[in-house]
Amino acid sequence: MIKLASTLACAILLTTAVTPPVLATERPTDPLDSPRWSDMEKGMLSGAPYVFDTRVRVDAPGTAENPLNVPITIDATALADVKEILVFADFNPILEILRFYPDAAPAYIGFRAKLQQSTPVRAAVRTGDGVWHVGGTLVNTVGGGCTAPSMGSTSSEWQKRLNEVTTRTWNEGPMSGRLRMRIIHPMDTGLIAGIPPFHLESVVLSDEAGHPLARLEVSQPVSENPVFTLSRGSTTGALQAHGRDNNGNTFNVRIPQ
Amino acid sequence: MRRLLSTLIACLSCQAWAAGSDYQLTPLPIAEGVYSFIGEQADFTPSNGGNIVNTGFIVGTEGVVVIDTGPSRRYGEQMRAAIARITPKPIALVINTHHHPDHFLGNQAFADAPIGALAETGKGIASEGDAFAENLFRLTGDWMSGTELKAPDQTLQAGPLKAGGRSLILLALKGHTDADLAVFDEDSATLFAGDLVFNLRAPTTPHANLTHWKDTLQALDAFMKDHRVRALVPGHGPIARDARPIAWTRDWLTWLDRSLRESAAEGLDMNETLARPLPEAYRDIPVSGAEYRRSVGHLFPAAETHSLQHNN
């Protein structure tokens, strides 16, 4: 038995050794060792140049108790000239979770997502030179997060409160510059028979004069009634948030400082 | 080769079966005719087979009242065998205190006896019981083999109840779940509090309403005084001869509630709240870190909602 195993191991090693070295040198090795990575780089990054970069911090619990509400925090503020942050999960039936464009805001965002099974959660951060900087972490979970109906879809309460927005800003202390925003939305994935996809699609945060601070493209895996944690940076004064879902419902709110 | 493999697999599985077959349930005498089986103060694991819960039984003149049936069919069967070693009397009534899996998945072993619970508990078991059982299979493995859902068939109500020749008072409460039953045995002045009371073991909160739970603990405290309760059996943790576990549970819930609200008010998100250290006093409490993290998952979204203001 042991001998067979070691023979097998040898065979595998040999195979690896004769693989053209081009793979080993040109492609960075996935630190999370996911069998899905080669699909991810093709599908999510469209073959663009990328590096794995520990300056992209992805924070999520190693074991998530509730697959419907897995907290994810992305901090790419250690990188300069961030144009876009793409968050995805290798093993989710809907890979993309959200895209964040921190136009005039720090490259920082927190939210919660639905995970269908244990998976790497990644943030690919595109800088001005066109290179994706990829960070990530593994999340273990019991699963089922994407194929459970939303609470909203089983009650009529959300219909009255759809796109209701609650927020708060912190202007002093350790959380100074922070904005938290919750939007009532069922965020139905469309993966349950008879419940079509119905989700928040875009959120734009602007300053008082209407200049965009940050833009979000939101996909189905973001949790029901999304809560976003953002940083307004040095922008002062009131803010505005404008949002739209995939059915054309909108919201427009003013957020006092 | 194939033969060797199958022998190997057979050996491994019989070993696993041997390791996961005996809960070693020993009834702890609490008062005349009143016993409890005390579980480990731990999470569900393949080594403890889910025996992390306190169950009990009361021997009356005519029969036995069983309070909760443990996490699996095997637990229920071994519990019943342990009861039979104490008394030959029949099982008069089985009570499920609430709808969490470690309290009712042994029901199969008592299928020939009436099994009672509050109406809401019965509904919870019927709707969530299978999912709970699947989860316990995942967490504890082979111990669960043969376990299937057996829902209560009697609806219990608050008030006095004669069962097995014993006089009980049933208290219909809520807070740990939407329906929590506490059982008081008048003769021995023993109170089985179910999971409304934890003792030196971090409380679990998947269906908790902290406000209701704290009110309920106050009511239980008053009941202890009014009825001169001599023994208190918590759902998890060691039994007590006084009301200290009630205060202990209330203190944990008060701290948890305040801590989550403060966290939300300070602007922390869920990951930052998860990372907050436990107070010194709770660091050595069994599973305190794990239960705190689970409670953040269950309860932080509501605390967060309270901290935000309407914009439209």
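The values are calculated or read from the model by the stated rules, or taken from the named source; none is laboratory data. It should be emphasised that the depicted structure is a prediction, and the values quoted were computed from it without experimental measurement. We place every Cβ from the backbone using ideal geometry, glycine too, and count neighbours over all the protein chains shown.
Just a few scattered comments:
- The single condition among (1) under 20 Å from the mean Cα position of the chain (by Cα); (2) surrounded by 17 or more Cβ atoms within 10 Å (Cβ to Cβ) that A:Glu217 does not satisfy is (2).
- Strands (runs of 3 or more DSSP E) wholly inside segment A:202-257 that include at least 3 residues being more than 11 Å from every other protein chain (Cβ to nearest Cβ) and closer than 21 Å to A:Glu84 by Cβ: A:212-218
- Residue match in segment A:63-72 (condition: surrounded by fewer than 22 Cβ atoms within 10 Å (Cβ to Cβ) and more than 14 Å from every other protein chain (Cβ to nearest Cβ)): no
- Residues in segment B:246-271 that are surrounded by 19 or more Cβ atoms within 10 Å (Cβ to Cβ) and within 13 Å of another protein chain (Cβ to nearest Cβ): B:Ser263, B:Ala264, B:Gly267, B:Leu268, B:Asp269, B:Met270.
- Pairing residues of segment B:142-164 that are touching a residue at least 12 places away in the same chain (Cβ under 8 Å) with residues that are charged (D, E, K, R) and part of a loop (DSSP other than H, G, I, E, B), at Cβ distances under 7 Å and at least 6 apart in sequence or on separate chains, gives B:Gly164/B:Glu62.
- Filtered residues of segment B:251-267 (kept if under 16 Å from B:Gly175 (Cβ atoms) and not hydrophobic (A, V, I, L, M, F, W, C)): B:Asp251, B:Thr254, B:Asp257
- Listed by position, the strands (runs of 3 or more DSSP E) inside segment B:41-131 whose residues that are of a type outside the set (Phe, Trp, Tyr) and out of contact with any Phe, Trp or Tyr (no Cβ under 9 Å at 6 or more places or on another chain) number at least 1 are B:91-95, B:115-117.
- Taken across segment B:180-189, residues that are acidic (Asp, Glu), out of contact with any strand residue (DSSP E or B) (no Cβ under 6 Å at 6 or more places or on another chain), surrounded by fewer than 21 Cβ atoms within 10 Å (Cβ to Cβ) and within 25 Å of B:Glu128 (Cβ to Cβ) do not occur at all.
- Residue pairs meeting the criteria (Cβ under 9 Å; at least 6 apart or on separate chains; first within 14 Å of another protein chain (Cβ to nearest Cβ) and within 28 Å of A:Tyr108 (Cβ to Cβ), in segment B:272-294; second of a type in the set (Lys, Arg) and in a helix (DSSP H, G or I)): B:Leu274/B:Arg293
- Qualifying residue in segment A:67-85 (condition: within 15 Å of A:Val139 (Cα to Cα) and more than 13 Å from the chain's Cα centre (by Cα)): yes
- Criterion (at pLDDT 95 or above and either closer than 26 Å to A:Leu230 by Cβ or not in a strand (DSSP E or B) (or both)) met by exactly one of A:Val22, A:Val87: A:Val87
- The residue that is nearest to B:Pro286 (Cα to Cα), among those in segment B:225-238 that are in contact (Cβ under 8 Å) with a residue 24 or more places away in the chain and surrounded by fewer than 20 Cβ atoms within 10 Å (Cβ to Cβ), is B:Pro238.
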